[in-house]
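Readers should treat all values here as calculations from the given coordinates under stated rules, not as data from a laboratory. This one's a predicted model, so the numbers in the text were calculated from it and none came from an experiment. Note that each Cβ is placed from the backbone with ideal geometry, even for glycine, and that neighbours are counted across all protein chains shown.
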Amino acid sequence: MESKFVQAGPVRLQYFEHGHGLDTMVLVHGYASSAEIWRYTLENLPLNRFQVIVLNNRGAGESGRTPNEEDYTVETFADDLFNVVEALRLDGFTLVGHSMGGAAVAQFALKHQDRIKGLVLMDSAPLNGRPLNDGWEEELRQALGNPEPPQGDMGFNAPHVTEDFKQAVMADIARNPVERFIGGRRSMAGLRLRERLREINVPTLVIGCDRDTTVGIDNILADYQALPEAHRHLQIYHGFGHSPNVEVPREVGDALDRFSSMAWDLDQKAKAGR
């Protein structure tokens, strides 16, 4: 895929395009990872069905960096995403977020759901936040000083995952500014979006895994249950962890294909009825 750049308000962000279909999908990665985390999912999305835009958030990949911890929050990423949507003139697309990216797309949807036809929360950071342990910041800074950067559950144990994929993901993680790690974690801890999910009135698919120890299946299901019953959909994968986009990419690709097709049909019917 060709690397492209877009000016998103104060930052220049890197993105990639995949496919040439009529149905547009935007993929947003999580806390410490980058657009690279979507590689296997993209291989399982049909080129002739989708135009997929894969974004590198600020601080990730070759996207621009800013110097303050408060520049790397869920709210900031959602605002950056809106600036990308405006600059690329996107409308009526399916918006997909993984991990912290799930929180960012939920925040985007709460402000701009008129721009999307469907929303996907994939193993999202808990939308009601959770407390941080005493001394967490000092521990994290010490961990960031080690030769190997913090890895998290990236799905690397899946049998199809190659060494070059692992190295590419870890290289991007190693390049992260410290401010992104600290600001991002503090931002996720303070989230209070769950009670507002009832405001979302577009089809929303919650994807989760029952062995996700990063966010916990209890949080995944609580976020799902907070959505309006008429618009919510659920896909749980048994026996997998925090990154189904890496561990079971074929199944995730199929689920995204089916969901976006359904959202497309609903959107077309709604437009025809106006």
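The table that follows gives values for the structure above.
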{"quantity": "Gap separating the Cα centres of segment 230-263 and segment 55-76, nearest whole Å", "calculated": "27 Å"}
{"quantity": "In degrees, nearest ten, helix 217-226 long axis to first principal axis of the chain (Cα)", "calculated": "40 degrees"}
{"quantity": "Rounded Å value of the spacing that divides the Cα centres of segment 134-179 and segment 1-21", "calculated": "24 Å"}
{"quantity": "Helix 100-112 axis, angle to the chain major axis (alpha carbon atoms, nearest 10°)", "calculated": "40 degrees"}
{"quantity": "Tensor-based shape of segment 201-271 (alpha-carbon gyration tensor, a/c under 1.5 rounded, otherwise prolate or oblate)", "calculated": "oblate"}
{"quantity": "Given charges at beta-carbon only (K, R positive; D, E negative), |dipole| of segment 133-204 in Debye", "calculated": "400 debye"}
{"quantity": "Nitroxide proxy distance, nm - points 7 Å out along Cα→Cβ at Glu62 and Asn48", "calculated": "3.2 nm"}
{"quantity": "Charge dipole of the chain about the Cα centre (unit charges at C-beta), most positive-ward option of Val85, Ile182, Trp38", "calculated": "Val85"}
{"quantity": "Relative packing of 114-122, 155-163, 78-86, 102-110, which averages over residues the other C-beta atoms within 10 Å, highest first", "calculated": "102-110, 114-122, 78-86, 155-163"}
{"quantity": "Convex hull of Cα atoms in the chain, direction-averaged projection (nm²)", "calculated": "13.6 nm²"}
{"quantity": "Lysines with Cα under 28 Å of Lys166, excluding same-chain neighbours fewer than 8 positions away", "calculated": "Lys4"}
{"quantity": "Crossing angle, helix 74-88 versus the chain [Cα axis fit, 0-90 degrees, rounded to tens]", "calculated": "50 degrees"}
{"quantity": "Dipole magnitude (debye, nearest 20) for segment 44-117, charges at Cβ of Lys, Arg, Asp, Glu", "calculated": "420 debye"}
